[in-house]
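Each remark here refers to the structure printed beneath this line.
The values are calculated or read from the model by the stated rules, or taken from the named source; none is laboratory data. It should be emphasised that the depicted structure is a prediction, and the values quoted were computed from it without experimental measurement. Cβ sites come from the backbone with ideal geometry, for glycine too, and all protein chains shown count toward neighbours.
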Ligand SMILES: [Zn+2]
């Protein structure tokens, strides 16, 4: 992993091997979302943020040969989608309204050590399938239950066009893009919905650093599977 010229991708799995002096064990580490070859060299290479999984070498080899290594493990799974919101006073009616700031596909809660995938509502602003997908996943009634206005296209005089936007839960006034709001820094997960993380979502997401990663499936054999058997388990909603 100190060889910056080696790409780490689906066709070229590459992992870090290190020796733990205290336990006299060799450990294989898998890169996490913050890993970048340029930063992961030299004396900073141990940074905890660069690595998501550490597996003893013997266990890693045994698991790799048994099909425990997966690329982009989130794809095709049902994942919790955490909706992070902040609350602010509407510029138009002065009432408090919630704004959806971040969307987080919380893969790590389903697949231990897998990377969470971050997004925001503007990733889905395509006046087509993306907007429809997000609006049907987060319908106005569900958002209103949490004091959040509907997500939908609204015309912005500032931008001279319509875009997928937050609006006031009371008067529906457009609330501007999240980076216009100081409240965005206080965003907290407010609720979660389960979504099938498939190409409908993937095609809109730019967080490839989190998606295009290798993952070591360390769950007990009874919870794993591959091929057809796994598809059936997924359909049953049980992994
Ligand atoms: Zn309002």
Using the structure shown, decide if residue 174 is surrounded by 15 or more Cβ atoms within 10 Å (Cβ to Cβ) and closer than 14 Å to residue 85 by Cα.
no
Filter the range 159-200 down to residues that are at pLDDT below 95, more than 16 Å from the ligand (Cβ to nearest atom) and part of a loop (DSSP other than H, G, I, E, B) and give me whichever is nearest to residue 142 (Cα to Cα).
187
Being closer than 17 Å to residue 113 by Cβ and either within 10 Å of the chain's Cα centre (by Cα) or surrounded by fewer than 17 Cβ atoms within 10 Å (Cβ to Cβ) (or both) is the filter here, so list the residues in the range 208-219 that pass it.
209, 210, 211, 212, 218, 219
What's the number of the only condition in (1) in a helix (DSSP H, G or I); (2) more than 15 Å from the ligand (Cβ to nearest atom); (3) over 22 Å from the mean Cα position of the chain (by Cα) that residue 153 fails to meet?
(1)
Residue pairs, Cβ under 8 Å, 6 or more apart or interchain, first in the range 158-179 and closer than 19 Å to residue 145 by Cβ, second more than 16 Å from the ligand (Cβ to nearest atom) and not in a strand (DSSP E or B). List them.
166/121; 166/178
Where in the range 33-149 are there helices (runs of 4 or more DSSP H), lying wholly inside it, with at least 2 residues that are on the phi < 0 side of the Ramachandran plot, away from the ligand (no atom under 16 Å from the Cβ) and touching a helix residue (DSSP H, G or I) at 6+ places or on another chain (Cβ under 6 Å)?
129-137
